[in-house]
Amino acid sequence: MPERLRQALPSVLSVLLALAVCWSLIALTMTPGTATAAYVEMLWGGIGNWPAWLNGAAATVITRPLGEAAMKAALLTLTGLSVAVAFKVGLFNIGAQGQMILGALAAAVVGAHVSLPAVLHIPAALVAAALAGAAWAGLAALLKLYRGVHEVISTIMLNWVALRLVDNWLVIGPLRGVAEGGQSITGTAEIQATATLPRLLGELSRLNLGFPLALLLAVVVWLWLERTRTGFETRAVGLGAEAARTAGVPVAKRTGVAMALAGAMAGLAGAVLVLGTEGRYPGTLGAPYGFDGIAIALIGNNHPLGAMGAALFFGVLRAGGTRMQLLDVHKSFPELIQGLALLFVAGRMVWLALLRRHEAAASVASVEVPRA
Amino acid sequence: MSLEDASLDVSEGELLAVVGENGAGKTSLMNVLYGLYQPDAGELSVGGQPVRFKSPRDAIARGIGMVHQHFMLVPTLTVAENVVLGREPTRRGLFDLERAISEVAATCARFGFQLEPRARVDTLTVGSQQKVEIVKALHRGAQVLVLDEPTAVLTPQESDELAQVMRGLVAQGRTVVLISHKLKEVLGVADRVAVMRRGRVVAEVRAAETTVGQLANLMVGEGPRHGTEARAPTSLAGLSPAASRVEAIGAALPEAAVPIPGGQVTTGMSALALMGGVPPGAATERPVPSSEGTGPTGTVALAITGGTPLEASSERAPATSAGEALLEASGLQAVGDNGRPALRGVDLTVRAGEIVGIAGVDGNGQRELAEVVTGLRALTSGSGTLLGGPLAGLTPAKARERGVGHVPEDRLRRAVVKALSVEENVALGRHTRPPFARGPWLDFAGRRERTLALLEAYDVRPPDPTLPLARLSGGNQQKVVVARELDAKPRLLVVVQPTRGLDIGAVAHVQAKLREARAHGAGVLLVSLDLEEVLALSDRVYVLFEGRVTGHFTRPDYDERELGRRMLGAGTGHA
Amino acid sequence: MLEVLHALLFSTLDAVPALVFAALGAVLSERAGVVFVGLEGMMRVGAFCAAVAALVMPMSLAVGVGMLAGAALAAVHGFLSIRWRSDQVVSGIALNLVALAGGTFLLESLYGPNGTPALPQAARWDVPGLASVPVLGALSGHSAPTYLALVLPFALQALLTRTPLGLRLRAVGDKPHAVATLGLSVAGLRWGAVLGGGLLAGLGGAVLSTCVLGRFEQHTPAGLGFIALAAMVFGRWTPVGAFLAALFFAFGDALRIGLASSAPGLLEVVPQGMLQALPYVLTLALLTLQGQRSSAPAALGVPYEQESR
């Protein structure tokens, strides 16, 4: 079996097992028939209702679901990249959620309160979001490098600081938006049209520029890590910081830059959500895409393209989750599948033991993450 | 690490030493004895009765105690808490600290250890921590005490003290098994010596009837043949065979002749025997197959092609006359990891075309000196010039730019990244320049080509550049490191313990490469705890003691006795 | 003024038990060397199961069900991180995600989107003679968990510092290999600590839904598990320290809620969000000041492998 395939196998098996377990969960609480029907709805809701289209329905039965799936996949790809990049330099970024919140807020503020032509406005809002996320993540890196504070604890704390400050203060206080009639609304002011991410298929779906941007970034991050000097240094720091230092690699700089990059990715996820879908910072960000990023990165084996693949898959499932409601299954059901898949991936050693029962028990690495 | 059909027996009241090269299986054997590993086949008997140890608890119950090479103490607990852990005295269900303290004090008094039971273990010196380990075993009623490389971390004074402790225990009827690769030490203290090689016990000899040279031959696996004695594994040398002969001690205590002191023996143990046998197929399950020197012949072939190092070098004329100064330093001071001064004013010079050795007992500033020169540790005072630039403010990157190569001591921590491939490790540290990089991009083709060439030239096995480095044996990993550093054509090469833990073939190979570098005009700063290695390779030797230079010797005026005195501080007014 | 203080203390003590139990659970597990990031998920499961059980059985039994549920989730954590040496943070995060999504799924399929029906009120006990004493009277009139929360931290502290088991648990968190060479079972000790931590986390969740909130809502426990982790860190991984930190955090929260109703003007100056962020900011500040001299157990988060040292 090729090495790459073997590496991916535990993830694939974990996802399949999660799908099976969740199917039985519906089958037990309802009926097996409902479970199967719900899965079929989830599929059509994610990749488009092809049978309906073949029976003559409008093209939107395909483009709409695909657009929704692509948007969710874009967010998951970006937060997944955030976590994966931090892993590469040896840090466990639990803080993607907080970084995303700040990125979303920055994008919302620049999108609403700065006036620029679209060619400049969109990049400006994206850059602001990336910088905000990078700053929040950079804080954790600084605490780690200069005060020895473990990043798992600091990023958890920073998540809640961001959430409380933004959701419970800024968005309902100083930055609260005002509607046409002078009445205040939930969330920040609407962003201007020039800051809105353009829709790629017009009225056919909500698919916007965020999706290709996310895919592009995944490829760029992968190329950077694998093909460039600084990317190589970053990986070396993650796998053996002391050896990297001895080899002349500026360890603190690589760590700080990688963590800032991780924060920038999460910040961009916030921007794509605000500029592409929400149009403003809503009362609360809703789904915890930052935490999902941990699942996506680990299911994707901490590989940028692996994370992208996992994000595409779960983007489809989660877009399809909406249609499961037709059968009285909660729309967050795909998140349960995703959570279980992560749990099974965490049991990677179990899979490897099962897969290698007949081979020599080589010293296999656990999920490739730094020790907390 | 594995065992194949290893058999061993120890008599009561005997001090048995188990010697062998690294990886010969000494520690594995002792872990089986202590119940940490379960043997695939074979049997273990204590006092004539066959036993099976499922965990250390069983071994402890049968009176076996072990002092591990890496101390098994909980640093945040006190001496007393560490000693009683697992068999704590209680009063009404609560831990009775006062009784623990008095019990431990009693044990210490009985065996003559001076330890403060209330002291936290992390405040103790290494020597005292080791005593805690021994007390821990004795407190559990150990009749057989196994010590795994106990002197590796001790100062010579502490080692002497430990030898007395061991003899004292034997005199009280306890049995001591000493695992070591320091043959001189072993002969000075043991009654009998068992030699292990490749997972087997290949010989057992009485200490009084053997010499370091004979033991060395047994360890390496060759009969007496010309030159092997001098080329024996590095750590066992430093001593002329005659001087290391032990007369008095070994003879004084004949095997199993010491009577059992009344009331001390509980299990009626009279001997401990371990007979091992591993089915042939088991050998394939070793996680890291040793790929270099898979048979004795391979090893020897390498040793010989390595260039009969010692003889060649001792005939060599001193090479110190010429060469520009690559490193000139005066008054170097630096602080160690523990926050205390490690270098207290070191002056030294290294010139092109010479190997300069740093000798000293472990922990006297050698490591910190190497770190200062390679930019890993900041100077607190002093000045120097390194390859045309100041020594102050040096970083590892600047050192590399100026032409410093570095073979660090702790290979897996400092020299290589195990999870990266062999070729990525070859590139590490040189990845910014051709042939490893083109502009900001890595040059995969150039890297592959250079790596293949180096693997061939340095005889790394298997020569697969894509393999994760962790899959190579220790010797081959070290060859990769040496290949990488020498391939950069360093003007100054800093090497620390370059041959520690390597088998004899790899040792010869590495040492030959260092000489080759000197021949090509590089300066080499060699730090080694192995005095024999330092003397064999170096043109000049500085002796470090407590962060100061206490001696400077130039070939051929190497007076080992005087060197030894300087290593212990003579000549500074400190000793 | 005294009345205000009395009211603040009273509501602090009413709200604090869930936080205290959860923080103690985390202390127990982490002192034995197993990271307890899954605390939030264990609380959620405990809260859900206790709330469902409380609809059909006496409250005390229902709380027991919640504890068992927390322990069950902890058992999964133990299986992955002790038996299979998985990364403990990953395992914990996974449990959080599963508990979050699974709780929502089960809640919706059993009771619909509005959460469980309201539960019967927990009985309140007066401490004789204390009710009329100023300020101290705030100790009186709480339900059983409050009193347990005032005692348990000291009991756990005694367990950790004064018993052989406590000595072994601390040793296994600092240097598991030392424990193993003495013939004690590292896995056994860690399993005990993790399951005990799970029981306490489940108790925290159960108390939250049955006594404090009186129901299970879609977002329960809404981050309380993470505040409990902060309390553990703030309390330097000691039971009494975590207890004091929990009291402090709960008092701050009671103060914030009190201000919101009595002096909304003050909240214009110091917004609620800032006050809500305060526990986390303080924990970060403490860690920053402490720097490298962290009081975390030395082997925390490191899977125990016999061969490695």
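When you scan segment A:194-214, do you find a residue that is closer than 30 Å to C:Leu229 by Cβ, polar (S, T, N, Q) and in a helix (DSSP H, G or I), even just one? Give the steps one after another, and end with the answer.
Taking segment A:194-214 and keeping what is closer than 30 Å to C:Leu229 by Cβ, we get none.
So far as segment A:194-214 goes, no, none of its residues is closer than 30 Å to C:Leu229 by Cβ, polar (S, T, N, Q) and in a helix (DSSP H, G or I).
Consider C:Glu108 carefully, then state whether it is within 14 Å of chain A (Cβ to nearest Cβ), farther than 28 Å from A:Val350 by Cα, among the acidic types (Asp, Glu) and out of contact with any Ser or Thr (no Cβ under 6 Å at 6 or more places or on another chain). The answer is yes for C:Glu108. Taken as a whole, the condition of being of a type in the set (Ser, Thr, Tyr), surrounded by fewer than 22 Cβ atoms within 10 Å (Cβ to Cβ) and more than 24 Å from B:Gln157 (Cβ to Cβ) applies to B:Thr554.
Of all residues in segment C:79-105 being small (Gly, Ala, Ser) and farther than 22 Å from C:Ala206 by Cβ, which is surrounded by the fewest Cβ atoms within 10 Å (Cβ to Cβ)?
Taking segment C:79-105 first, the residues small (Gly, Ala, Ser) are C:81, C:86, C:91-92, C:94, C:99, C:101-103.
Those left that are additionally farther than 22 Å from C:Ala206 by Cβ: C:81, C:86, C:91, C:94.
Working: C:Ser81: 29, C:Ser86: 25, C:Ser91: 28, C:Ala94: 31.
Among those residues, the one meeting the criterion is C:Ser86.
Residue count for segment B:541-565, restricted to those that are touching a residue at least 40 places away in the same chain (Cβ under 8 Å) and more than 18 Å from B:Arg367 (Cα to Cα): 5. Scanning segment B:180-209 for residues that are open to solvent by 10 Å² or more (accessible area, probe 1.4 Å) and charged (D, E, K, R) turns up B:Lys182, B:Lys184, B:Glu185, B:Arg192, B:Arg197, B:Arg198, B:Arg200, B:Glu204, B:Arg206, B:Glu209. Residues that are surrounded by fewer than 24 Cβ atoms within 10 Å (Cβ to Cβ) and in a helix (DSSP H, G or I) within segment A:89-120 comprise A:Val109, A:Ala112, A:His113, A:Ala118, A:Val119, A:Leu120, listed in sequence order.
Based on this model, can you work out whether A:Pro212 counts as under 30 Å from A:Gly90 (Cα atoms), open to solvent by 10 Å² or more (accessible area, probe 1.4 Å) and more than 14 Å from every other protein chain (Cβ to nearest Cβ)? Yes.
If I ask for residues that are outside any loop (DSSP other than H, G, I, E, B), in contact (Cβ under 8 Å) with a residue 60 or more places away in the chain and either more than 19 Å from C:Met67 (Cα to Cα) or hydroxyl-bearing (Ser, Thr, Tyr) (or both), which ones from segment C:130-150 would you list? Result: C:Gly137, C:Ala138, C:Leu139, C:His142, C:Ser143, C:Thr146.
Within the group A:Leu143, A:Leu43, A:Leu139, A:Leu105, which residue is more than 21 Å from A:Trp224 (Cβ to Cβ), in contact (Cβ under 8 Å) with a residue 40 or more places away in the chain and within 14 Å of chain C (Cβ to nearest Cβ)? Steps first, answer last, please.
Working: A:Leu143 fails: in contact (Cβ under 8 Å) with a residue 40 or more places away in the chain; A:Leu43 fails: within 14 Å of chain C (Cβ to nearest Cβ); A:Leu139 fails: in contact (Cβ under 8 Å) with a residue 40 or more places away in the chain.
From the options A:Leu143, A:Leu43, A:Leu139, A:Leu105, the qualifying one is A:Leu105.
Return the only residue of C:Gly241, C:Gly273, C:Gly223, C:Gly301 being within 29 Å of C:Leu95 (Cα to Cα), within 9 Å of chain A (Cβ to nearest Cβ) and either out of contact with any Leu (no Cβ under 9 Å at 6 or more places or on another chain) or open to solvent by 10 Å² or more (accessible area, probe 1.4 Å) (or both). That would be C:Gly301, the only listed residue that is within 29 Å of C:Leu95 (Cα to Cα), within 9 Å of chain A (Cβ to nearest Cβ) and either out of contact with any Leu (no Cβ under 9 Å at 6 or more places or on another chain) or open to solvent by 10 Å² or more (accessible area, probe 1.4 Å) (or both). Considering only segment B:83-103, I want to know if a residue exists there that is buried (at least 19 other Cβ atoms within 10 Å of the Cβ), within 22 Å of B:Glu158 (Cα to Cα) and within 12 Å of chain C (Cβ to nearest Cβ). Yes, because at least one residue in segment B:83-103 is buried (at least 19 other Cβ atoms within 10 Å of the Cβ), within 22 Å of B:Glu158 (Cα to Cα) and within 12 Å of chain C (Cβ to nearest Cβ).
Scanning segment B:456-483 for residues that are in a helix (DSSP H, G or I) and open to solvent by 10 Å² or more (accessible area, probe 1.4 Å), which turns out nearest to A:Ala236 (Cα to Cα)? Before you say what the answer is, go through the steps one by one.
As a first pass, look at segment B:456-483 and keep what is in a helix (DSSP H, G or I): B:456-457, B:469-471, B:474-483.
Checking which are open to solvent by 10 Å² or more (accessible area, probe 1.4 Å) leaves us with B:456-457, B:470-471, B:474, B:477.
Details: B:Glu456: 25, B:Ala457: 26, B:Ala470: 14, B:Arg471: 17, B:Gly474: 20, B:Gln477: 17 Å.
Across segment B:456-483, the extreme among qualifying residues is B:Ala470.
When segment C:151-163 is filtered for residues that are without any contact (Cβ under 8 Å) to a residue 40 or more places away in the chain and either open to solvent by less than 20 Å² (accessible area, probe 1.4 Å) or polar (S, T, N, Q) (or both), the ones remaining, listed by number, are C:Thr161, C:Thr163.
Quick grid of which residues meet (1) surrounded by 24 or more Cβ atoms within 10 Å (Cβ to Cβ); (2) under 14 Å from A:Val89 (Cβ atoms):
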{"residue": "A:Val220", "(1), (2)": "no, no"}
{"residue": "A:Ala247", "(1), (2)": "yes, no"}
{"residue": "A:Met259", "(1), (2)": "yes, yes"}
{"residue": "A:Met265", "(1), (2)": "yes, yes"}
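Are there strands (runs of 3 or more DSSP E) fully within segment B:330-423 with at least 2 residues that are open to solvent by 20 Å² or more (accessible area, probe 1.4 Å), within 14 Å of chain A (Cβ to nearest Cβ) and over 30 Å from B:Thr466 (Cα atoms)? List them.
Working: elements: B:341-351, B:355-359, B:381-386, B:404-407.
Correct list: empty, since no element meets the threshold.
Filtering B:Ala61, B:Ala41, B:Ala17 for residues that are open to solvent by 10 Å² or more (accessible area, probe 1.4 Å), within 22 Å of B:Ile134 (Cα to Cα) and small (Gly, Ala, Ser) leaves a single hit, B:Ala61.
If the condition is being within 9 Å of chain B (Cβ to nearest Cβ), surrounded by fewer than 22 Cβ atoms within 10 Å (Cβ to Cβ) and in a helix (DSSP H, G or I), then segment C:178-194 contributes only C:Ala180. What residue, among those in segment A:151-185 that are open to solvent by 50 Å² or more (accessible area, probe 1.4 Å) and either in contact with a Cys (Cβ under 7 Å, 6 or more places away or on another chain) or over 17 Å from C:Pro271 (Cα atoms) (or both), is nearest to the other protein chains (Cβ to nearest Cβ)? My answer is A:Ser184. None of B:Val189, B:Val135, B:Val195 is of a type outside the set (Gly, Ala, Ser) and under 29 Å from B:Arg57 (Cβ atoms) except B:Val135.
Condition test on A:Leu66, is it open to solvent by 30 Å² or more (accessible area, probe 1.4 Å), in contact (Cβ under 8 Å) with a residue 24 or more places away in the chain and within 16 Å of A:Asn208 (Cβ to Cβ)? Against the criterion (open to solvent by 30 Å² or more (accessible area, probe 1.4 Å), in contact (Cβ under 8 Å) with a residue 24 or more places away in the chain and within 16 Å of A:Asn208 (Cβ to Cβ)), A:Leu66 qualifies. If I ask for residues that are open to solvent by less than 10 Å² (accessible area, probe 1.4 Å) and assigned to a helix (DSSP H, G or I), which ones from segment A:337-358 would you list? A:Ile337, A:Gln338, A:Gly339, A:Ala341, A:Leu342, A:Val345, A:Ala346, listed by residue number. Here segment A:46-63 is the region considered, the condition is being in contact (Cβ under 8 Å) with a residue 60 or more places away in the chain and of a type in the set (Val, Ile, Thr), and the residue that is most open to solvent (accessible area, probe 1.4 Å) is A:Ile47. Scanning segment B:64-96 for residues that are more than 17 Å from B:Val135 (Cα to Cα) and without any contact (Cβ under 8 Å) to a residue 40 or more places away in the chain turns up B:Thr90, B:Arg91, B:Arg92, B:Gly93, B:Leu94, B:Phe95, B:Asp96. With the structure loaded, tell me whether B:Val177 is open to solvent by less than 10 Å² (accessible area, probe 1.4 Å) and within 22 Å of the chain's Cα centre (by Cα) or whether it fails that test. Spelling it out, B:Val177 is indeed open to solvent by less than 10 Å² (accessible area, probe 1.4 Å) and within 22 Å of the chain's Cα centre (by Cα). Of the residues making up segment B:33-82, those that are under 30 Å from B:Lys182 (Cβ atoms), more than 10 Å from chain C (Cβ to nearest Cβ) and more than 24 Å from the chain's Cα centre (by Cα) are B:Gln38, B:Pro39, B:Gly42, B:Leu44, B:Ser45, B:Val46, B:Arg62, B:Gly63, B:Ile64, B:Val79.
Within the option set A:Val272, A:Val220, being part of a helix (DSSP H, G or I), β-branched (Val, Ile, Thr), out of contact with any His (no Cβ under 6 Å at 6 or more places or on another chain) and under 30 Å from A:Ala58 (Cβ atoms) holds for one residue only, A:Val272.
The values are calculated or read from the model by the stated rules, or taken from the named source; none is laboratory data. What you see is a predicted model, and the numbers here were worked out from it, not measured in a lab. Cβ atoms come from the backbone with ideal geometry, glycine included; neighbour counts cover every protein chain shown. Note: areas computed on protein heavy atoms with side chains; ligands, DNA, RNA excluded. Shrake-Rupley method; radii C 1.70, N 1.55, O 1.52, S 1.80 Å.
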